[in-house]
Amino acid sequence: MANNWTGITTVEQVLEVANTNTNGWFWVSMLWLIFVVLLVSLSAFGFEAAILSASFAALIVGLFLAYMGLVGWYWVAMFVALILVIFLIIGYKNKGQ
């Protein structure tokens with residue numbers, strides 16, 4: 001599919017072209033790619049710490065992308081839910097101590 005680049009005048013429109021060509025999945029996949037790369041990179045510090053840190057970083061990036069209209073808010077909400085679940089798991093594991 002060819003794009004009409006003559007109608008693009010702003011940076012936001014350049015970023016939206018990637019979503020247009022992939023039916024809205026480009027920036028969502030970039031957000032999950034950031035999460036996975038950070039998760040693997042931080043796994044040496046323990047699973048809970050890695051998933052919590054990767055989720056927080058993906059949440060921050062996801063907020064920017066959602067405000068720009070490049071990803072849906074439900075993708076950002078997934079990272080919030082993941083952070084809350086990890087907090088509950090850590091709290092449950094440390095309950096007896």
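The values are calculated or read from the model by the stated rules, or taken from the named source; none is laboratory data. Remember, it's a predicted structure, so these values are computed and weren't measured experimentally. Cβ sites come from the backbone with ideal geometry, for glycine too, and all protein chains shown count toward neighbours.
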Test: residue in the range 29-36 that is surrounded by 13 or more Cβ atoms within 10 Å (Cβ to Cβ), among the β-branched types (Val, Ile, Thr) and out of contact with any Gly (no Cβ under 8 Å at 6 or more places or on another chain): yes
Matching entry among 88, 63 (being without any contact (Cβ under 8 Å) to a residue 24 or more places away in the chain, assigned to a helix (DSSP H, G or I) and farther than 29 Å from residue 25 by Cβ): 88
Check on residue 28, under 19 Å from residue 82 (Cα atoms), in a helix (DSSP H, G or I) and in contact (Cβ under 8 Å) with a residue 40 or more places away in the chain: yes
Every pair of residues 6+ apart whose Cβ atoms lie under 9 Å, when the first sits in the range 39-56 and is free of Cβ contacts under 8 Å to residues at least 60 places away in the same chain and within 16 Å of residue 76 (Cβ to Cβ) while the second is hydroxyl-bearing (Ser, Thr, Tyr) and assigned to a helix (DSSP H, G or I): 54/41
Some residue of the range 2-9 being among the hydroxyl-bearing types (Ser, Thr, Tyr), at pLDDT below 95 and within 26 Å of residue 73 (Cβ to Cβ): no
Hits in the range 7-25 (condition: within 18 Å of the chain's Cα centre (by Cα) and part of a helix (DSSP H, G or I)): 15, 16, 18, 19
Candidates 37, 71 - the one that is of a type in the set (Val, Ile, Thr) and not in a helix (DSSP H, G or I): 71
Residue in the range 76-85 that is under 21 Å from residue 11 (Cβ atoms), β-branched (Val, Ile, Thr) and either touching a Cys at 6+ places or on another chain (Cβ under 7 Å) or touching a residue at least 24 places away in the same chain (Cβ under 8 Å) (or both) present: no
Test: residue in the range 44-56 that is in contact with a Ser or Thr (Cβ under 9 Å, 6 or more places away or on another chain), loosely packed, with under 13 Cβ neighbours inside 10 Å and farther than 30 Å from residue 89 by Cβ: no
